[in-house]
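Take a look at the structure set out below.
The values are calculated or read from the model by the stated rules, or taken from the named source; none is laboratory data. Everything numeric here is computed off the predicted structure, so don't read it as measured data. Glycine also receives a Cβ, built like all others from the backbone with ideal geometry; neighbour counts cover every protein chain displayed. Calculation scope for accessible area: heavy atoms of the full protein, side chains included, ligands and nucleic acids excluded. Shrake-Rupley method; radii C 1.70, N 1.55, O 1.52, S 1.80 Å.
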Amino acid sequence: MKFLAIIPLICLLTPGIVQSDEIKTDEGVLVLTKGNYESAIKDNEFVLVEFYAPWCGHCKALAPEYVKAAKKLEELNSAIKLGKVDATEEGELAEENGVKGYPTLKFYRNGKQMDYSGGRTADEIVNWLLKKTGPAATTLASSDELTKLVEDSEVVVVGFFSDADSEAAKQYLAAAGGIDDYPFAIVTDSSIAGEKKVDGDAVVVFKKFDDGRSDLTEDLTEENIVKFIKSEALPLIVDFNHETAQKVFGGEIRSHVLLFLSKEAGHYDKYLENHRPVAKQYRNQLLYVSINTDDEDHGRILEFFGMKKEEIPAARLIKLADEMAKYKPTGDVLENVDEMKAFIDDFVGGKLKQHLLSQDLPEDWDKTPVKTLVASNFDDVALDKEKDVLVEFYAPWCGHCKQLAPIFDKLGEKFSDNPTIVIAKMDATVNELEHTKINSFPTLKLYKKGDNKIVEYNGERTLEGLSKFLETDGSYGQAAPDQGEEEDEDDDSPKKDEL
């Protein structure tokens, strides 16, 4: 055993001997280490590498899909290889590749590295890889090839053209080159088109949900084709999960109707079918999204909207911009689709006011040196022109906020006898203000007496630093870098302004 243990050291120290570990496979996936990584990249034209941690939940969810993708590529006789690196064991290798979160995927083409930007299902992984290594659209020569492609894919896009060199076909290929999520094909045989009831040039999205297919036959420009595909390739009502999150919040439709439902309680069966016609009517304006509240991972989403499990089923409408705007219906829009239509029409017409979260005002909000603010009393306290008011906007789960809490309490005690200075705090996860948006925790803002000018504190979070900030009328503590709450790179928990 001792002899075996020193073999790697001998290899490293002996001139002319280069250590290169044998590349093993695990269910079709290459197991990569520091010793074989370079040779794996050098010996294979195309390699996708996943850097993972065994304890990472997202990595565990990806693992079976990654194996399926490897097997699918093998069935296609593809030269593309999938590999994986346990970053907890191969820390140096992970650091060399700039890995900061898990999972991180890197794609190599002839040794040149690029970031993977596709989805996390087997089909999405394969589609992305085929798009990066082959033509934008596969040419189909028979109806059997088309039938197999449609049967094997959840979504497939096919362009039917009488002439592959026509302007419409060129526009289609340009659109195909920019979308990695789905397989694309092109057909120029009129007999195959006829079998699929296609007459003339058309782009068809074949899908295994809703109506089964959608056809675009007019205005076949790249822009229109891209918009058509991104809209029609999603279900009328998208179920939110790790795989669909990127399509939902990274798509071009920025207004969403969110349905918070419990599968266990039968809400999906009770409500979704009635809302499909509404989702179809407003398809190009809003995206319908269902969220299963039985999933523990979605608990933070409920918190983000200030909702409790007892309120389910429920609906909200959001508009994604620099800041997310949230809207709450007043009627029962789930039971009554006409009320939902009226709610959506008011939103589209700009008639709705944003729904801002607010806690009830505690009776003892001003009994301690650090005053407790909620949305309803914020303006009365913070915008008092007779006083300088320092407010900490915090989140209960924020580690930096917890560290600051005892220091902030001491600050409140220090200035408790000063009639012109108020120290206050507000839980910004359940209280929202129309005039102030918070994007990181903790955020410290001084509302100055007289003109209510706002000065944000970015200095050291110490009693001395905060005291000096107040004593210098907000001029101290402006040069230090922001120390806002840091989040894991691959954390799906909602930040203050996004899901």
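Ignoring everything except DSSP H segments at least 4 long, calculate the 222 nm mean residue ellipticity for the chain; use -39,500 (n - 2.57) per segment, divide by total residues, nearest 500. Before the final figure, lay out each step's value.
Numbers: 16 runs with 165 residues, N = 499.
Value at 222 nm, helices only: -10000 deg cm²/dmol.
What whole-number value in Å² describes the accessible area per residue of the stretch 350-462 for a 1.4 Å probe?
On the way: 5800 Å² over 113 residues.
Ligands and nucleic acids excluded, the result is 51 Å² per residue.
Whenever you get a sec, compute what percent of the accessible area on the chain sits on carbon and sulfur atoms (1.4 Å probe).
47
Among [x] 35, 26, 24; [y] 48, 36, 19; [z] 39, 28, 22, find the value of semi-axes √(5λ) of the Cα gyration tensor in Å that was calculated from the structure presented, and write down its label.
Read-out taken from this structure: [y].
Using protein chains only and a probe of 1.4 angstrom, how many square angstrom of Asp163 are accessible, to the nearest 10?
Estimated to the nearest 10 Å², Asp163 gives 70 Å².
Quick check: the distance between the Cα centres of the stretch 306-345 and the stretch 278-301, to the nearest angstrom?
10
Hey, can you find the accessible area per residue of the stretch 170-310 for me, probe 1.4 Å, expressed in square angstrom? Walk me through the numbers on the way to the answer.
Values: 6720 Å² over 141 residues.
Ligands and nucleic acids excluded, the result is 48 Å² per residue.
If you line up the long axis of helix 143-152 against the longest principal axis of the chain, both from Cα atoms, how many degrees apart are they, to the nearest 10?
Its long axis makes an angle of about 30 degrees.
If you take the beta carbon distance between Asp384 and Glu243 as r and set R0 to 51 Å, what does 1/(1 + (r/R0)^6) give as a FRET efficiency, to the nearest 0.05?
After rounding to 0.05, the efficiency reads 0.55.
What whole-number distance in Å separates the alpha-carbon centres of the stretch 200-256 and the stretch 390-405?
42
Enumerate by residue number the chymotrypsin sites (Phe, Trp or Tyr not before Pro) in the stretch 333-410 meeting two conditions: DSSP loop (anything except H, G, I, E, B), and at most 16 other Cβ atoms within 10 Å of the site's Cβ.
Sparse-neighbourhood loop chymotrypsin sites (Phe, Trp or Tyr not before Pro): Trp365, Trp397.
How big is the gap, in Å, between the Cα center of the stretch 159-191 and the Cα center of the stretch 26-50?
With the stretch 159-191 and the stretch 26-50 each reduced to a Cα centre, they are spaced 34 Å.
What distance in nm separates the simple spin-label points at Ser358 and Lys453, each placed 7 Å from Cα in the Cβ direction?
Between Ser358 and Lys453, the label points sit 3.0 nm apart.
Under the rule of at least 5 residues apart or a separate chain, name every residue whose amide H is placed under 5 Å from the amide H of Ser290.
Val238, Asp239, Phe240, Leu259
If you keep only loop residues by DSSP, which trypsin sites (Lys or Arg not before Pro) in the stretch 214-262 have at most 15 other Cβ atoms within 10 Å of their Cβ?
Here the trypsin sites (Lys or Arg not before Pro) that fit, given the DSSP loop and packing criteria, are Arg254.
Cα axis of helix 57-75 to longest principal axis of the chain: angle in degrees, 0 to 90, nearest 10?
With rounding to tens, the tilt is 10 degrees.
Could you give the nm distance between label points at Tyr476 and Glu339, where each point is 7 Å from its Cα heading toward the beta carbon?
Between Tyr476 and Glu339, the simple spin-label model gives 5.6 nm.
Short version: ³J(HN,Hα) in whole Hz for each residue of the stretch 244-256, in order, from phi by Karplus 6.51 cos²θ - 1.76 cosθ + 1.60 (θ = phi - 60°), x for Gly and Pro, what are they?
Values per residue, Gly and Pro as x: 8, 4, 5, 5, 5, 8, x, x, 7, 7, 9, 10, 10 Hz.
Structure shown: which of Lys309/Lys445; Lys227/Lys319; Lys112/Lys207 lie over 24 Å apart, alpha-carbon to alpha-carbon?
On the way: Lys309/Lys445 33 Å; Lys227/Lys319 19 Å; Lys112/Lys207 34 Å.
Beyond 24 Å: Lys309/Lys445; Lys112/Lys207.
Considering only the other residues whose Cβ falls under 9 Å of the Cβ of Asp473, what net charge follows from Lys and Arg at +1 and Asp and Glu at -1?
Around Asp473, the surrounding residues sum to -1.
Averaged per residue, what accessible surface does the stretch 83-133 expose to a 1.4 Å probe, in Å²?
Here the residues of the stretch 83-133 average 45 Å² of exposed surface.
Given Lys71/Lys196; Lys42/Lys131; Lys328/Lys453, which pairs have Cα atoms separated by over 26 Å?
Table pairs above 26 Å Cα-Cα are Lys71/Lys196; Lys328/Lys453.
Can you tell me how much longer the chain between Lys170 and Asn418 gets when fully stretched, taken as 0.36 nm per residue apart minus their C-alpha distance, in nm with one decimal? Intermediate results must be reported in sequence, preceding the final value.
On the way: separation 248, 0.36 × 248 = 89.28 nm, distance 7.29 nm.
Taking 0.36 nm per residue and subtracting the Cα distance, the gain is 82.0 nm.
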